[in-house]
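Q: Below is a structure I'd like to ask you about.
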Amino acid sequence: MSQNNGYPFGFLDEYAKKEVRRSVLKAIALPGYQVPYSSREMPMGRGFGTGGLQLTLALIGPGEVLKVIDQGSDDSVNAVNLRSFVELTCPGIATTAKTEEASLIQSRHRIPEKALNDRQLLVLQVPYPDPLSVVEPSEDRRKAMHGEADYARLLVKLYEDIVKFKEITISHRYPTRINGHYIIDPSPIPRFDVPKLHQSAALALLGAGREKKIYAVPPYTDAVPIAFDDIPFRIEDFNDDQGRRRTCQRCGCQTSYLDEFIDSTSGEKLYQCSDIDWCNDQLTATQHLEEVDI
Amino acid sequence: MKKILEVNSFSKVYGSGCDCCFAETGPERTNICPGCGSVVAAHDVSFSLHQGEILGIMGESGSGKSTVVKSLFFDEPASWGQASFYDNGSRYDLFELNRAQQRQLRSQRFGMVYQNPHLGLNFAISAGGNIAERLLVAGDSHYQRIRSRAQDLLQRTEVLPERMDEIPRNFSGGMQQRVQIAKALATDPPLLFLDEVTTGLDLSVQAAILDLILEIQHELQTAMIVVTHDLGVIRLLADRTLVMKYGRIIEAGLTDQILEDPQHAYTQRLVASAL
Ligand SMILES: Nc1ncnc2c1ncn2[C@@H]1O[C@H](COP(=O)(O)OP(=O)(O)OP(=O)(O)O)[C@@H](O)[C@H]1O
Ligand SMILES: [Mg+2]
Ligand SMILES: [Zn+2]
Ligand SMILES: [Zn+2]
């Protein structure tokens with residue numbers, strides 16, 4: 001057993017890692033089902049991605065390439081901390097900011113813009129795993145509801161939303177039905193990212209450390225956001241008042257998920273790709289094109 | 001007439017129960033077993049109900065009226081007995097169904113209207129949303145269709161459809177009962193349970209709601225079990241009536257006969273006191 005800083009490879013002991021892996025197998029076998037596991041204490045507060053971290057530590061091995069993102073950025077404090085921790089406890093792994101180079105991507109709030117492939121694994125950090133908790137306080141009753149796919153009350157929420165606001169206002173954690181049965185909370189990714197889970201080539205694993213649940217969207221599996229027949233699900237359109245798609249002010253991309261900034265000098269609203277790696281790629285590509293043009 | 005429901009020897013005991021529970025309780029005694037302290041809320045209750053018929057269950061407080069409908073509606077499990085529900089050529093053994101089967105009947109083939117509107121309605125969502133919930137459970141997922149159905153139902157139960165997006169708290173007690181009735185009717189159930197639906201309302205409001213119930217019976221041929229301690233409600237609505245005391249049926253028959261010529265001394269007193 002390789003030792004590093006007095007800790008076993010992956011920080012967790014072998015028993016803990018095996019338990020996580022067993023739960024992962026069960027989660028893959030029952031797409032969307034929340035598998036309970038005994039979430040370990042990690043040297044950081046629960047709620048800081050410990051559910052995702054335990055998945056990463058239990059699944060990563062020497063030779064693998066890790067990417068960690070938070071809000072689309074590899075450089076935010078949270079992403080840096082998590083990445084350093086894995087590097088420290090898992091000697092022999094490499095890290096990257098490039099989506100296509102990574103074999104394992106741990107993320108909070110975003111799924112990379114670039115489509116993932118079947119050799120990649122996406123780990124999402126989840127604060128609240130159960131989409132039913134907003135309509136049913138009792139966990140026992142929620143379990144029975146999941147078992148019977150008794151999800152009408154989630155649609156009642158959508159109904160009330162449309163009545164009150166004329167549209168569905170859920171921006172994050174959009175309830176999504178996996179493989180035609182269980183409905184999951186897809187973690188705090190925006191609506192924009194939910195379709196990326198549908199029939200994705202990559203396996204997506206979701207881990208909630210505080211709530212001690214692991215669930216999965218296996219590769220090539222249906223992930224369908226709930227909606228009414230006559231009011232379909234739609235993603236954020238990022239259109240301006242004239243109905244024109246906003247563009248990233250940095251790379252000019254017209255298809256990506258945009259973050260909004262206020263320019264501190266002009267007070268103007270600016271938009272930029274939330275996925276920094278994607279933005280960099282688009283920027284290099286356009287610069288390259290310009291060079292070729294000259 | 002088509003039979004909708006047949007209940008045989010239904011019993012409900014709250015508590016551990018013992019061998020003498022049934023022998024030591026009853027109309028001439030009490031409903032608390034002296035041996036073990038269990039409450040025999042209902043024992044040996046049998047009756048049948050046909051399409052379009054209204055059966056009244058009458059009796060003083062604690063006699064077991066609500067217990068009967070609660071068990072049939074799966075709010076409480078039965079202790080003993082058998083109940084058959086006949087629907088579209090199938091027979092459902094109500095006390096033997098699993099949770100999913102219970103939920104299916106409860107949400108689509110039965111309707112319940114409680115005395116307390118908080119039990120029948122979700123006060124955190126709009127009146128229309130309450131009706132929508134029942135339609136969504138039944139599998140409709142077309143927003144506009146759900147809305148227009150909810151509108152029709154509220155119109156039918158004489159709640160202004162313009163108020164469908166308000167929460168039930170904004171409504172008067174009578175209107176809350178109308179919303180409950182609209183919700184119950186949403187899936188065209190052949191069987192409706194009404195537990196003291198007019199109790200506590202103003203007399204004029206009571207009369208209007210009782211009228212509505214009779215209209216629904218005539219229009220939709222819905223079979224109903226009406227639980228009440230109010231002889232006036234029984235007289236107006238029920239074709240046949242069961243009189244209960246300490247968990248037992250002490251008298252059963254056509255409502256007119258029971259009111260004209262009550263057999264049991266207890267019923268005689270009830271009728272006399274209501275005159
Ligand atoms: N959950 C319970 N636990 C214990 N005893 C109960 C419970 N529910 C009802 N009972 C008892 O069962 C008996 C029958 O109750 P039930 O509610 O059926 O009476 P009721 O005829 O509907 O009376 P009311 O007119 O007051 O509504 C009562 O003695 C009651 O106290
Ligand atoms: Mg009662
Ligand atoms: Zn960009
Ligand atoms: Zn007893």
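Nothing in this text is a laboratory measurement; each read-out follows from the coordinates by a stated rule. Just so it is clear, the model here is predicted, and its values are computed rather than measured. Don't worry about glycine lacking a Cβ; one is built from the backbone with ideal geometry, like all the others, and counts go over all protein chains shown.
Q: Could you check the spin-label model distance between A:I231 and B:H229? Points 7 Å from the Cα along Cα→Cβ, value in nm.
A: Between A:I231 and B:H229, the simple spin-label model gives 4.4 nm.
Q: Tell me the relative contact order for chain A as a rounded percent, counting alpha carbon contacts under 8 Å between residues six or more apart.
A: 20
Q: Per residue of chain A, what 222 nm ellipticity follows from adding -39500 (n - 2.57) for every DSSP H run with n ≥ 4, rounded to the nearest 500?
A: Mean residue ellipticity, 222 nm, calculated: -9000 deg cm²/dmol.
Q: Also: Taking the square root of 5 times each eigenvalue of the Cα gyration tensor, what semi-axes in Å does the equivalent ellipsoid of the stretch B:175-265 have, largest first?
A: Output for the stretch B:175-265: semi-axes of 24, 15, 12 Å.
Q: Further question: Just how far, in whole angstrom, is the stretch B:80-149 from the stretch B:35-56 if you go by their alpha carbon centroids?
A: Each part's Cα centre sits 22 Å from the other's.
Q: Using the crude model of +1 on Lys and Arg Cβ and -1 on Asp and Glu Cβ, and no other charge, please compute the dipole size for the stretch B:123-188 relative to its Cα centre, in debye to 20.
A: I would put it at about 60 debye.
Q: Show me the ranking of peptides A:263-270, B:42-49 by mean Cβ neighbours inside 10 Å, starting with the highest.
A: Highest-to-lowest ranking by the protection proxy: B:42-49, A:263-270.
Q: Using only the Cα atoms of chain A, build the gyration tensor, take square roots of its eigenvalues as a ≥ b ≥ c, and label the shape rounded, prolate or oblate: rounded if a/c is under 1.5, else prolate if a/b is larger than b/c, else oblate.
A: Oblate shape, in that a/c is at least 1.5 and b/c is the bigger or equal ratio.
Q: Just going by the charge dipole of the protein assembly as shown, with Lys and Arg at +1 and Asp and Glu at -1 on Cβ, which of B:S11, B:G62, A:F192 is farthest out on the positive end?
A: Selected residue: B:S11.
Q: Between 0 and 90 degrees, rounded to the nearest ten: what's the tilt of helix B:173-185 against the longest Cα principal axis of chain B?
A: Taking the Cα atoms of chain B, the angle to B:173-185 is about 90 degrees.
Q: Do any trypsin sites (Lys or Arg not before Pro) in the stretch A:142-246 lie in a loop, going by DSSP, with at most 10 other beta-carbon atoms within 10 Å of their beta carbon, and if so which?
A: Listed in order of number, the matching sites are A:K166, A:R244.
Q: Report the GluC sites (Glu not before Pro) located in the stretch A:93-193 that are in a DSSP loop and have at most 11 other Cβ atoms inside 10 Å of their Cβ, or state none.
A: Passing both the DSSP loop test and the Cβ count: A:E167.
Q: If you line up the long axis of helix B:99-108 against the longest principal axis of chain B, both from Cα atoms, how many degrees apart are they, to the nearest 10?
A: 60
Q: Evaluate the Kirkwood expression for the hydrodynamic radius of the stretch A:100-258, namely the inverse of the mean inverse distance over all pairs of different C-alpha atoms, and round to one decimal in Å.
A: One decimal place: 16.8 Å for the Kirkwood radius.
Q: Given the convex hull of the Cα atoms of the stretch A:141-190, what is a quarter of its surface area in nm²?
A: 3.9
Q: Okay, moving on. Could you work out the relative contact order of the stretch A:236-294, using alpha carbon pairs under 8 angstrom and six or more residues apart, expressed as a whole percent?
A: After rounding, I find 28 percent.
Q: How big is the Cα convex hull of the protein assembly as shown in projection, averaged over all directions, in nm²?
A: Projected area, direction-averaged: 35.7 nm².
Q: Whole Å is fine, so just give me how far the alpha carbon centre of the stretch A:42-70 lies from that of the stretch A:214-263.
A: 26
Q: For the stretch A:240-294, build the convex hull from the C-alpha positions and give me its volume per residue in Å³.
A: That works out to 109 Å³ per residue.
Q: When only C-alpha pairs under 8 Å and at least 6 residues apart count, what is the relative contact order of chain B, in percent?
A: It comes to 26 percent, rounded to a whole number.
Q: Describe numerically, in nm with one decimal, the distance between label points set 7 Å from Cα along Cα→Cβ at A:R141 and at B:E28.
A: The two pseudo-label positions are separated by 4.4 nm.
Q: Sticking with this structure for a sec: No partner Cβ under 4.7 angstrom, meaning no disulfide-compatible partner by this rule: which Cys of chain B qualify?
A: Singleton cysteines: B:C20.
Q: Here's another thing I want to ask about it. Can you list the chymotrypsin sites (Phe, Trp or Tyr not before Pro) in the stretch A:211-290 that are in a DSSP coil and have 12 or fewer other beta carbons within 10 angstrom?
A: Answer by residue number: A:Y220.
Q: Sticking with this one: Taking neighbour Cβ counts within 10 Å as the exposure measure, how do A:V80, A:V135, B:V197 sort from fewest upward?
A: Least to most surrounded, the residues fall as A:V80, A:V135, B:V197.
Q: Would you calculate the separation in nanometres between label points at A:D263 and B:H218, each defined as 7 Å from the Cα along the Cα-to-beta-carbon direction?
A: Result for the modelled spin labels: 7.4 nm.
Q: Among B:K70/B:K183; B:K2/B:K65; A:K143/A:K213; A:K157/A:K212, which pairs are too far apart, with a Cα-Cα distance over 22 Å?
A: B:K2/B:K65; A:K157/A:K212
Q: Still on this model: Can you give the percent of C-alpha pairs in the stretch B:2-68 whose distance is more than 20 Å?
A: Within the stretch B:2-68, distances greater than 20 Å cover 34 percent of Cα pairs.
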